[in-house]
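The values are calculated or read from the model by the stated rules, or taken from the named source; none is laboratory data. Remember, predicted model here, so these are calculated numbers, not experimental data. Backbone-built Cβ (ideal geometry, glycine too); neighbour counts: all protein chains shown. Note: areas computed on protein heavy atoms with side chains; ligands, DNA, RNA excluded. Shrake-Rupley method; radii C 1.70, N 1.55, O 1.52, S 1.80 Å.
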Amino acid sequence: MFPRPILDYEDDALLDAQRQDHEELLEFITGLRKLIESVINLKPNEESQRILDLKGEFDKAYEKACTLADDQAGNKSAISEMINIIMQVIRRSAGDDPMALKEFADEELARSNHFRLCEHALVADLLDPASLILEDELVAVLLGAPEDEFSSALELFDEEQRAELVQQAQSSISRFDTPDTDGSQRIAQMGTVG
């Protein structure tokens, strides 16, 4: 179903990919340290926008950690802890404002759900701006993904996008002589998520 053949890579290409993974990991760790230092160096009366910007950077760092090689559990835990600290500071500054407290609760729920989805490699890859998954490969990737990855990835798409995926998937599997029951079930699932 892929529009281009999947290649077997030479050992040199695999070693180069591992080197790039290592460089990306080192760059991430350096950036994460700088981000943590930014929080440590905050002034007691720092502007709320600066604090919110830092929280946004930690959110992006968590997403990035989910795309990296090796076990990132420690980094993700540290990022989550920093976000929690920032949110406590913001919550304290809001006082007892019920509207602000509801917004914080909604934001925490959304972040928790987003981070849960990012724990799935396919979701993290799809959200990564530097993803290697090309647009014309999306249907093939989705249909070939393990069930938990597939189900989680579908949560990223709205109803209209899922309808487009269903259409593309039906077109793709119609080229085969034998019906693919697993593929047909997946396509049906694409259309019913919501």
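Here are the numbers for the structure shown:
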| item | result |
| --- | --- |
| For ALA145, distant residues with modelled amide H under 5 Å away | none |
| Leading residue at positive end of dipole, the chain (Cβ point charges), from LEU25, ALA110, GLN167 | ALA110 |
| From phi via Karplus (6.51, -1.76, 1.60), per-residue ³J(HN,Hα) for region 115-131 in Hz, x at Gly/Pro | 5, 4, 5, 5, 5, 8, 4, 5, 4, 4, 5, 5, 7, 6, x, 9, 4 |
| Total charge dipole magnitude, the chain, about the Cα centre, Cβ charges on Lys, Arg, Asp, Glu only, Debye to nearest 20 | 800 debye |
| Given charges at beta-carbon only (K, R positive; D, E negative), |dipole| of region 9-110 in Debye | 680 debye |
| Of all accessible heavy-atom area on the chain, the percent that carbon and sulfur account for (1.4 Å) | 52 percent |
| Entries of LYS34/LYS64; LYS64/LYS102; LYS34/LYS60; LYS76/LYS102 with Cα pairs more than 19 Å apart | LYS64/LYS102; LYS76/LYS102 |
| Distance cut-off 15 Å, percentage of C-alpha pairs in region 17-119 lying past it | 65 percent |
| Modelled FRET efficiency - R0 30 Å, ALA100 with SER38, Cβ distances, 0.05 increments | 0.80 |
| Accessible surface of ASP12 - all protein chains present, 1.4 Å probe, nearest 10 Å² | 120 Å² |
| Solvent-accessible area per residue, Å², over region 17-119 with all protein chains present [probe radius 1.4 Å] | 65 Å² |
| Solvent accessible area, Å² - ILE36, 1.4 Å probe, full protein context | 50 Å² |
